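The numbers here are math on the coordinates, done by the rules we state, and not lab data. Remember, predicted model here, so these are calculated numbers, not experimental data. All Cβ positions, even for glycine, are placed from backbone atoms using ideal geometry, and neighbour counts span all protein chains on display.
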Amino acid sequence: MTRTAETAVGPMLRDWRQRRRLSQLELASRAEVSPRHVSRVEGGLVSPTSGMILRLSDHLRVPLREQNRLLLAGGYAPAHPDLALDSPPMVEVHHALTDILTAHLPWPALVVDRHWELVDANDAIYALLDGVDADLLEPPVNVVRLSVDPRGLAPRILNLDEWRGALAHRLAQEYDLTADPELAVLIADLRASGPCPAPAGSALVVPFRVRAGEGILSFLSTTTVFGTAREVTLSELAIEAFYPADAATRAALAGPASPV
């Protein structure tokens, strides 16, 4: 089958280079090839080898899923495996995620995929979700939409606009990195849900402040990824871990009587 200009590997590599705001000369210098070769590859005048596609992709910080797409467009087999999390080769990874979530208790933690859909969570997360519309908890659960939905957590988030703005900023960064069209849709949905002000003020981080029972819990969030992943699914997973942002939250969750 003849590849069209839109799906040919050269123009796809050119799009990634432009997304990274690099000139052909800069990319060539980083990849240690001639600018003329980069130009001819992008223009479809030469067919790059699979090694050259991967070489340029690495210097362009192309995600593993998109590297496979580039290889397919160039007529080669994917280089990176793409496995389901519950497949036999991933059993130890699944155990590791479960151990991390459990060890994080009593603080909330969850695992999301590249589209922010819930993969797993610990009991502290499910306690925070108590009372949200049951329909929103039917898989797949998108945690961004869940947090800003009026039937979800939105009515209980005390700094909703600030939190929504922080999410929009982060999603925009992820879209800039991945060019994933589903992230663009998620950003549009998030912005349509209400104000998304840019982060401002003197606070070190934007907290997540939520009403739970009769009390108010305030959290700082961190993100952990598999830094050496060479498999597509693993490269796209993120562990979102929440820590107490004040002494009252720490006491509430660590003490014998928790508001959640």
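Brief remarks on what is shown
- Kirkwood estimate for region 9-73, i.e. one over the average of 1/r between Cα atoms, Å: 11.3
- When peptides 159-170, 135-146 are ranked by their average number of other Cβ atoms within 10 Å per residue, the highest-first order is 159-170, 135-146.
- Among the GluC sites (Glu not before Pro) in region 26-117, those located in a DSSP loop and surrounded by at most 11 other Cβ atoms within 10 Å of their own Cβ are 32.
- Charge dipole (debye, nearest 20) of region 1-143; +1 at Cβ of Lys and Arg, -1 at Cβ of Asp and Glu: 1500
- Oblate is the label for region 164-260, because a/c, from the alpha-carbon gyration tensor with a ≥ b ≥ c as root eigenvalues, is 1.5 or above and a/b does not exceed b/c.
- GNM flexibility winner over the chain from 128, 153, 204 (Cα, springs under 10 Å): 204
- Computed about its Cα centre, the charge dipole of the chain is approximately 1180 debye, with only Lys, Arg, Asp and Glu carrying charge at their Cβ.
- Size descriptors for the chain (Cα atoms only): Rg and Dmax, in that order, 21.6, 69 Å.
- Contact order normalised by residue count of region 88-254, Cα under 8 Å, 6+ apart, percent: 23
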